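Step one of this worksheet: look at the structure below.
The values are calculated or read from the model by the stated rules, or taken from the named source; none is laboratory data. Given the structure is predicted, the values throughout are model-derived calculations rather than measurements. Quick reminder, even Gly has a Cβ in these numbers, built from the backbone with ideal geometry, and neighbours come from all protein chains shown.
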Amino acid sequence: MPKKQIQRIAEKKQRQIKFTPQKWLVSSPPDSTLDVIGFPETCGLLNAREIEVANTSVDVLLEKLACGKWTAMDVTASFYKRAIVSHRLVNCLTEIFIDNALTRAAELDDCLKNTGKVVGPLHALQISLKDQLCIEGLETTNAPSVSCVSWIGQYAEKNAVLVDILMECGAVPFVRTNWPESFNNIFGRTTNPYNRSLAPGGSSGGEGVLVFLKGGPLGIGSDLGGYGSYSEGTISSILTPSQQLYSYSLRICGLYGLRPSSSRVPCGGVVTPLEGQDYILPVFGPMTSSIGGVKAFMKAITRAKPWLEVPLTVRKKWNEDEYNLIDHGSGKDLCFAIMWDNGVVVPHPPIRRSMQVTKAALEKAGYKVVDWKPIKHRWDIWSAGSAEEIMITTSVTGELIIATMELENSDAADSITAYQLWQLQKMRRDLRKEYLDHWEATASETGTGRPVDATICPAAPFVATPRGKNSIQAMSKYINYTAVWNVLDYPATIFPVTTVDPNLDAKKSPHYFYDGFNKGIYEMYDPETFKNAPVCLQLVGRTLKDEAVVKMTEIVNAALAAAK
């Protein structure tokens, strides 16, 4: 990379350091300390109240802020302290705008004191944002598959639509977080707090680890379903950090998250080199430590009428009847389907065990569970020119594409013709029809007179991947456990089930491998390496049935809790 661009990166990092209060910096444990989950509460920076604040769920936090028991100023300062400690541990932040956030918090406290009313349903809630959502006066330098050095020094003239809506709802945006794939040329690598030798997933990995370390109560991630630079197709980002919202970070970090239907949460005013791409629409969604936080976010955003700002957003407020499962027997005789594997890659032992645990819990709670037969999970739509956009963006400065994001396919940077794109879009349309028919046909198995109410399946075949080029390429090669729902535009939640236990999850030879690729993915697994890592699954519903998906996730969560 040219020296001029290296200097720009150094200046950008200095600006980040400048806005970090030195009094909140603590000495980090040595790099040899891999598990840093407990460090924020033992480092000596946080007092008992601040620890209590960080361990409070979103719905309870909102109640205490609304009644004035806790002030916005105190809670914002508490989360800032913990966010900065988290950043020192795993390098998860890109922007720290403490003055703006504390000014906002003071205004909210004054409003509550003077009027006795909250500003909105998210009054004084601290929200972290993936570094893609524009905030007026701040730089936004991250984009799919690469951090863009050429964007350093470009300051947003206005907020993203979602940021404006969050503030109208009373929220306090307070930091932005690292991506893509949580390793880039400007901010460097984000690591996994369970084991810092592991990746946190991506591309919302910074969000995932920040929320998991309780450096923020709720984060906003994005999900696109993939980048054209990968030969296999897609990365689903909300669903894996919460496992790693939005997908890899959700799964890997053991959080709750929702990949909403593409038209529910507004996407206007974000930075991307994929402008104009609409054959798989991007989505933004919440990542948090409780399913109640997911519900609070979706209710607030959809009731704010985002379709008045972004025309692609569907005119649909949060629907309480759908949340109460009016189309699903009011939740009394639900039938869930479990997809044990997708016919392409058999998941690792702890994921298989988590599905067995979930099935047993649901049956104990009185629900029916049937097997889901997967179809066409090798299907691929992602090949149309997104790599070319990335090449154009990085060529401005001579920025290198980092090793973990090298093009898997030498032809990936080539554009396809309009006709070829039309054929891909036809394939997508045909696949959606096939899946519709496939889902409807399950009515013959449920005993309820309805098709299955939701499908439960892995979010990936592994719980995490080691850091480095080979593991990230393996992750990017096989994300079709989530990518298929992006293509179909089905809403899906991530929810935690258990953790890896080497005694229960020993590496055994499975009964079969579908092929050599499947075997290679299985060989990545080592029970000691992934010991205590969270194991999450996803619950999938049908297009625009986001409310029902949230409710059924609550039901599954309750069944799991009761079965312990």
### Message
Being at pLDDT 90 or above, assigned to a loop (DSSP other than H, G, I, E, B) and surrounded by fewer than 24 Cβ atoms within 10 Å (Cβ to Cβ) is the filter here; which residues of the stretch 532-556 pass it?
### Response
ARG542, THR543, LEU544, LYS545
### Query
Can you name every residue in the stretch 74-128 that is over 23 Å from GLN16 (Cα atoms) and hydroxyl-bearing (Ser, Thr, Tyr)?
THR115
### Message
Just to be sure before I move on: is LYS317 at pLDDT 95 or above, under 27 Å from PRO451 (Cα atoms) and not in a loop (DSSP other than H, G, I, E, B) in the structure I sent?
### Response
no
#### Entry: the stretch 327-344: number of residues that are within 14 Å of LYS373 (Cα to Cα) and part of a loop (DSSP other than H, G, I, E, B)
6
### Message
Whether any residue in the stretch 126-149 is of a type in the set (A, V, I, L, M, F, W, C), assigned to a loop (DSSP other than H, G, I, E, B), at pLDDT 95 or above and more than 21 Å from GLU309 (Cβ to Cβ) is what I want to check.
### Response
no
## Note on the structure
Subset of the stretch 107-125, residues among the aliphatic types (A, V, I, L, M), outside any helix (DSSP H, G or I) and more than 23 Å from LYS214 (Cβ to Cβ), comes to VAL118, VAL119
